[in-house]
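Each remark here refers to the structure printed beneath this line.
Since every read-out is calculated from the coordinates, none of them should be taken as a lab result. No experiment lies behind these values; they were computed from the predicted model shown. So basically every Cβ, Gly included, is an ideal-geometry build from the backbone, and we count neighbours across all protein chains shown.
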Amino acid sequence: MTDHHLQLNLAETELLVVSTNPSLYQNVTIQLGSSTITPSKTARNLGVMIDDNPKCHDKAAQSLLNKLIRSNLVNTTNQVEVLQRDPTSPLYSVKSFEELRLKPQLLQGVYAMGFNRPSKIQETALPMMLAEPPQNLIAQSQSGTGKTAAFVLAMLSHVDPENKWPQCMCVSPTYELALQTGKVIEQMGKFYPEVQLVYAIRGNKLERGTKLQEQIVIGTPGTVLDWCQKLKFIDPRKIKVFVLDEADVMIATQGHQDQSIRIQRMLPKTCQMLLFSATFEDTVWNFAKRIVPDPNIIKLKREEETLDTIKQYYVICNSKEEKFQALCNIYGAITIAQAMIFCHTRKTAGWLAGELSREGHQVALLSGEMQVEQRAAVIERFRDGKEKVLVTTNVCARGIDVEQVSVVINFDLPVDKDGNPDNETYLHRIGRTGRFGKRGLAINMVDSRFSMNILDRIQEHFSKFIKTKQMNVLD
Ligand SMILES: Nc1ncnc2c1ncn2[C@@H]1O[C@H](COP(=O)(O)OP(=O)(O)OP(=O)(O)O)[C@@H](O)[C@H]1O
């Protein structure tokens with residue numbers, strides 16, 4: 001949206017999308033019937049807030065995608081690192097949910113969800129979160145390790161069902177992520193009907209003067225702030241547990257940081273503060289320290305992805321078509337298991353999937369144009385083995401764990417936006433196939449001096465020998 005005077009008559013407007021970045025619509029005035037809306041109110045009134053920051057989209061979409069495709073825990077063998085606020089207090093971890101002395105209704109809910117024993121992060125985080133007096137916590141652990149289930153259990157445990165007002169508040173960066181977390185709350189609280197949940201998200205319009213009876217609120221920062229400050233649906237002084245989830249995605253979403261801090265400032269000093277993030281970059285860490293005073297800190301290092309158990313090769317071709325032909329030659333071999341083929345652009349991915357299908361090969365295409373739910377469905381089918389080959393792009397596949405992949409083909413070598421080797425993406429892609437000691441196979445397709453140079457630099461970076469593989473001969 002360029003910086004010009006934009007007069008909109010909503011009567012003819014199908015859908016109005018405004019940015020959360022006010023500078024983008026400084027001169028926009030919107031006519032809603034007889035009243036003119038100024039930019040500062042625009043987004044809130046319309047409730048359609050889409051951030052223009054692609055990084056936000058990317059992170060939020062990736063986080064949501066992982067939640068949608070994840071039906072079980074990511075097994076991680078890495079130890080949990082703990083930095084305790086009070087090193088003298090006994091740190092104990094639990095090996096069973098019974099040891100946590102949960103309310104029977106909650107234990108029932110945990111078992112009904114198929115949880116037999118606490119995950120790595122839960123073993124340590126839960127005793128801290130359920131302790132009396134409650135302890136503040138900042139926990140960093142990658143997606144799929146049980147963070148959501150942990151803080152949901154903590155909120156349900158701290159609620160006094162007799163009190164019919166909001167006592168626990170959880171803030172998520174996006175509408176969709178809030179819905180996903182709400183689902184976990186509802187599932188885990190299935191046998192605890194006296195505790196109710198309300199969604200503070202756009203579209204949930206309540207009558208002015210409403211006094212909420214639900215004990216748990218889950219929502220996005222803007223709406224939660226409004227419900228506390230402007231609409232007074234929530235009395236923040238009565239909040240006992242405040243959870244800020246997906247802090248790394250919050251950081252990437254314009255405006256969410258200061259809204260979250262404004263919410264936190266309204267809470268009582270006795271309120272237990274819990275913050276969760278998949279990553280711990282400095283920006284996240286600095287934000288976390290502003291939200292959570294005197295925290296315990298838990299980290300669960302990401303799996304060290306090694307390349308040792310993976311045989312890596314490259315195939316020399318002279319063009320994209322020759323790469324395609326080479327792929328057809330080895331298609332029979334790579335579908336013994338499941339293969340992911342990475343392209344640099346959506347265009348190439350679409351072209352390749354089409355060509356392979358025309359050759360009668362069954363492939364699935366995962367591309368950024370798809371809605372997150374569609375992408376989740378494609379990944380679900382691939383994970384269920386309904387397709388043997390998944391063609392995708394770097395961005396689309398970033399952060400997705402599809403553990404049973406044993407062959408990775410770099411139809412295009414991973415490069416960053418400046419055209420330099422993207423070593424991290426190479427490791428993350430290739431590292432998938434060799435997880436947990438399974439033998440993996442990686443084939444890099446080289447079709448120019450440029451891509452050969454990229455491969456050489458990746459090889460130098462990992463100082464890992466990558467063997468040449470004859471194009472149409474495969475052991
Ligand atoms: N103790 C457990 N035992 C078995 N499964 C679990 C356990 N805890 C969580 N899960 C399941 O593992 C998956 C990931 O859990 P959860 O969503 O809590 O992790 P997360 O770290 O928050 O991941 P994400 O941030 O991607 O949501 C979910 O399907 C959840 O039902």
Ranked from highest to lowest mean number of other Cβ atoms within 10 Å per residue, what is the order of the peptides 158-164, 126-132, 451-457? 126-132, 451-457, 158-164
What FRET efficiency comes out for ARG265 versus ASN420 if R0 is 35 angstrom and r is the Cβ-Cβ distance? Round to the nearest 0.05. 0.25
Once you place label points 7 Å from the Cα toward the Cβ at ARG117 and TRP285, how far apart are they in nm? 3.2
Quote to one decimal, in nm, the extra length available between ARG70 and ASN453 on full extension: 0.36 nm per residue of separation minus the C-alpha distance between them. 134.2 nm
Taking a label point 7 Å from the Cα of CYS328 along Cα-to-Cβ, the residues of region 347-366 whose backbone nitrogen sits under 17 Å from it are 351-363
Which entries in the list LYS67/LYS311; LYS103/LYS240; LYS120/LYS299; LYS211/LYS240 go over 20 Å, if you measure between the two C-alpha atoms of each? LYS67/LYS311
Plugging the Cβ-Cβ distance of GLU194 and GLN362 into 1/(1 + (r/R0)^6) at R0 = 51 Å yields, to the nearest 0.05, a FRET efficiency of 0.50
